[in-house]
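Taking it in order: structure first as structure tokens, then the write-up.
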Ligand SMILES: N[C@@H](CCC(=O)N[C@@H](CS)C(=O)NCC(=O)O)C(=O)O
């Protein structure tokens, strides 16, 4: 069985897939696309990462890769047990990948103090919701699922690549990010930002 993950180290979507693979103890090789994307384009016909080469089969997009891995390696499931919770977990995964991601990218690209303020206000709405989510809770569905992983990887990117600190007023969210970082045995946020 040969599995290669075409990735870049700082991409939040690649981090999401790496966490799923590690959670399921799937051995994989890494192909970093930053020096040269051409092998990725030749293999997948497009330029975005993550892409998984699973014994020659090409799977594009972190959500599809995660779902495929779940099918092949059902141990340590990334989805909650209850079917209604699974639907909610998939919604949250998509919300993190699309809505939260867009709010973070808007902040990262803000060029003026006004644009930054507006972007922070938009992101603040999500921080408040997540602060409520994680008050007194380690995982949304009782154990780690794709919902926690997708939300965490977007927020982690804020520190590692966008060099942004979530306001300290969001205490529960801060505590949760710290907890997830320790749980996933990730390097210090500050250290990985350099
Ligand atoms: N929905 C995709 C998003 C993938 C994505 O946007 N990847 C970015 C890196 S974070 C990328 O490869 N961008 C390169 C480009 O657009 O040329 C997923 O979940 O995998």
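The values are calculated or read from the model by the stated rules, or taken from the named source; none is laboratory data. Everything numeric here is computed off the predicted structure, so don't read it as measured data. Because the Cβ atoms are built from the backbone with ideal geometry, glycine has one as well, and the counts that use them run over all protein chains shown.
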Per-region count, the stretch 38-47, residues within 12 Å of the ligand (Cβ to nearest atom) and surrounded by fewer than 16 Cβ atoms within 10 Å (Cβ to Cβ): 3
Criterion: within 23 Å of residue 62 (Cβ to Cβ), away from the ligand (no atom under 16 Å from the Cβ) and surrounded by fewer than 17 Cβ atoms within 10 Å (Cβ to Cβ) - qualifying residue of 136, 87: 87
The one condition in (1) over 30 Å from residue 165 (Cα atoms); (2) surrounded by 13 or more Cβ atoms within 10 Å (Cβ to Cβ) that residue 65 fails to fulfil: (1)
Lone unmet requirement of (1) within 15 Å of the ligand (Cβ to nearest atom); (2) surrounded by fewer than 18 Cβ atoms within 10 Å (Cβ to Cβ); (3) not assigned by TED's automatic domain parsing to the domain that holds residue 37 for residue 151: (2)
Residue check for residue 61: modelled with pLDDT of 95 or more, farther than 17 Å from residue 93 by Cα, under 20 Å from the mean Cα position of the chain (by Cα) and not assigned by TED's automatic domain parsing to the domain that holds residue 162: no
In the stretch 11-37, the residues that are in a helix (DSSP H, G or I) and surrounded by 15 or more Cβ atoms within 10 Å (Cβ to Cβ): 12, 13, 14, 15, 16, 17, 18, 19, 20, 21, 23
Answer from 182, 143 - the residue that is surrounded by fewer than 16 Cβ atoms within 10 Å (Cβ to Cβ), part of a helix (DSSP H, G or I) and out of contact with any helix residue (DSSP H, G or I) (no Cβ under 7 Å at 6 or more places or on another chain): 182
Leading residue by the ranking (farthest from residue 20 (Cα to Cα)) among those in the stretch 91-106 that are away from the ligand (no atom under 13 Å from the Cβ) and touching a residue at least 12 places away in the same chain (Cβ under 8 Å): 106
Pair list, Cβ under 7 Å, 6 or more apart: the stretch 2-17 residue free of Cβ contacts under 8 Å to residues at least 40 places away in the same chain, other residue surrounded by fewer than 16 Cβ atoms within 10 Å (Cβ to Cβ): 9/32
Matching residues, the stretch 49-66, being more than 11 Å from the ligand (Cβ to nearest atom) and in contact with a strand residue (DSSP E or B) (Cβ under 9 Å, 6 or more places away or on another chain): 53, 54, 55, 58
Condition check for residue 10: within 13 Å of the ligand (Cβ to nearest atom), modelled with pLDDT under 95 and in contact with a helix residue (DSSP H, G or I) (Cβ under 7 Å, 6 or more places away or on another chain): yes
Given (1) without any contact (Cβ under 8 Å) to a residue 40 or more places away in the chain; (2) away from the ligand (no atom under 13 Å from the Cβ); (3) under 18 Å from the mean Cα position of the chain (by Cα), index of the condition residue 21 fails: (1)
